[in-house]
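Peer 1: Next up is a structure, given as structure tokens.
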């Protein structure tokens, strides 16, 4: 058979033996096929060896016996069946010789070459990847159709690297050149991303490129091959995401919100911003804390049950987590109240949650303000009630002791003014305190008389340290001062031009001690009946203020001493605190 083929194709000057020797010694696999490709008429030793057969064992064999699929031998990469049952991939090219016989040339297939099928090229195109080659000798760039479409060039050898480099963003060109040169020197692949002006329409796009050097036999780089992709949409999405994240960071910073992620399976927390560390009093190098540590060590014991219930409810109902509790700061040990809100993230509906994404706010000041406001409202109700009761008592007592409408009007108006003044002093101090000296001065200074502005007053003497009367006792003591002043002006020391009133006070052992002493007025005698002032001193001060009152109606002048406990101030009542 080989001889017949030789006779039909060889030169008349070449002997059949020489053709046979070349056939047997060929470094590639050779096979003479029948015209229909179904029979192997002759196979050289190289092909037989690849298939695990001795020389000549394939002569006359049907092609189907050595192919994994098909009945005929066809060009391209085909899977051949070895004698031991294994397989081998061989690339075949066919040429028809004279006499109707076909010569098949078989070559071993490199593993990389094996996957470079047309389907792979279709996959590259579908992925938006275009292939390119750079000839380092000529400087020419060759592009596949997809690569040319991305970059705006004609397919094939259409541009030099020098011309293409001018379309890369100038800020990136030097960096890319350095990175590529270093990768080639080290014999490793490289990749980069850059802005690029497309040649076809000058539009600015983002491209991502990867490449690797092609080496000659002596290891010298002779070219670079790689792929390029249009990543404009991806970069724009990344930029938009970064802008959204930056807006979120700004918003949470302005709102003083901490951002966190809690990974459910491994109880690991990630704190996304500095505010989270500030809220918990931790430094970034100290790291974050998981749920277990938070519930057992950081959260106030009284708040743990409610917090756990909120977590369970959010998990069960797949709703937003809302929880409030007190935490102990790590750095200074102070207790702060926080609000936490978050949403559990699940891989799919009904699946176990993977993580909780949420925010934390310090609401300590807000909670304290709400508590103060509630307390102030209750206190206001109490004081309005007491004030109305005081006014009712003033009306009744004044009416019983008045001898005429005019005397009723004078006494009633004076007492209401005194009450209003005391309330005014309290309001200026945000309903906390009234200064004792101010209460005394407002009632007595109209009767003062001084020879010079710098000399002591001749009729009124006030001597005592600064004392702020809590609102609980300021109103009744203010009313008492008014009654004492009115009595002194009508019947006592202030009713004559030479009378004098001296008031001294101090605070000892938590009690206010006040001494009221009159002199220089008309002779004093004990009252024959108890008026409003006497009832105020004896009933209101002793009952409401728990004061101890002593009075002395000595002829030379009226004398009163008062000792009253000083109630502690409630700082929660101060709305400015």
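Peer 1: What's the extension gain from residue 185 to residue 286 if we count 0.36 nm per residue and subtract their Cα-Cα distance?
Peer 2: Values: separation 101, 0.36 × 101 = 36.36 nm, distance 4.27 nm.
So the chain would gain 32.1 nm between residue 185 and residue 286.
Peer 1: Over 23 Å apart: what share of the alpha carbon pairs of region 255-362 falls there, rounded to a whole percent?
Peer 2: Summing the P(r) tail past 23 Å for region 255-362 gives 22 percent.
Peer 1: Sorted from largest down, give the three principal axis spans of the alpha carbons of region 118-230, whole angstrom values.
Peer 2: On the principal axes, region 118-230 reaches 40, 38, 23 Å in Cα extent.
Peer 1: Residues of region 494-531 with backbone nitrogen within less than 17 Å of a virtual label 7 Å along the Cα-to-Cβ line of residue 449, please, listed as ranges.
Peer 2: Label zone hits: 494-502, 518-523.
Peer 1: Taking the Cβ-Cβ separation of residue 308 and residue 568 as r and a Förster radius of 35 Å, what is the calculated FRET efficiency to the nearest 0.05?
Peer 2: That pair, residue 308 with residue 568, gives E of 0.40.
Peer 1: How do 228, 103, 214 rank when sorted from fewest to most other Cβ atoms within 10 Å of their own Cβ? Mind dumping the intermediate values first?
Peer 2: Details: 228 23, 103 17, 214 14.
With the fewest neighbours first, 228, 103, 214 line up as 214, 103, 228.
Peer 1: Determine the gain in length on full extension of the stretch residue 296-residue 370; use 0.36 nm per residue of separation and subtract their C-alpha separation, reporting nm with one decimal.
Peer 2: Values: separation 74, 0.36 × 74 = 26.64 nm, distance 2.78 nm.
Working it through step by step, the gained length comes to 23.9 nm.
Peer 1: Here's something else I'd like to know. So, in nm, how far is label residue 21 from label residue 79 when the simple model puts each one 7 Å beyond its Cα toward the Cβ?
Peer 2: So the two model labels end up 4.1 nm from each other.
Peer 1: Which of the peptides 545-557, 351-363 is most tightly packed, and how do the rest follow, judged by the mean count of other Cβ atoms within 10 Å per residue?
Peer 2: Final packing ranking: 351-363, 545-557.
Peer 1: On full extension of the chain, what length is gained from residue 264 through residue 247, given 0.36 nm per residue of separation minus the C-alpha to C-alpha distance?
Peer 2: Between residue 264 and residue 247, full extension yields 3.4 nm more.
Peer 1: Hey, another quick one. 7 Å from Cα along Cα→Cβ at both residue 210 and residue 239: what's the point-to-point distance in nm?
Peer 2: Computed distance between label sites residue 210 and residue 239 equals 2.4 nm.
Peer 1: First measure r as the distance between the Cβ atoms of residue 329 and residue 349, then evaluate 1/(1 + (r/R0)^6) with R0 = 45 Å and state the FRET efficiency to the nearest 0.05.
Peer 2: Step by step, r from the Cβ atoms, then E = 0.70.
Peer 1: If each of residue 544 and residue 171 carries a label point 7 Å out from its Cα toward its Cβ, how far apart are those two points in nm?
Peer 2: Once both label points are built, they end up 7.6 nm from each other.
Rule-based calculations on the coordinates, nothing more; no lab input. Not measured: the values here are computed from a predicted model. Quick reminder, even Gly has a Cβ in these numbers, built from the backbone with ideal geometry, and neighbours come from all protein chains shown.
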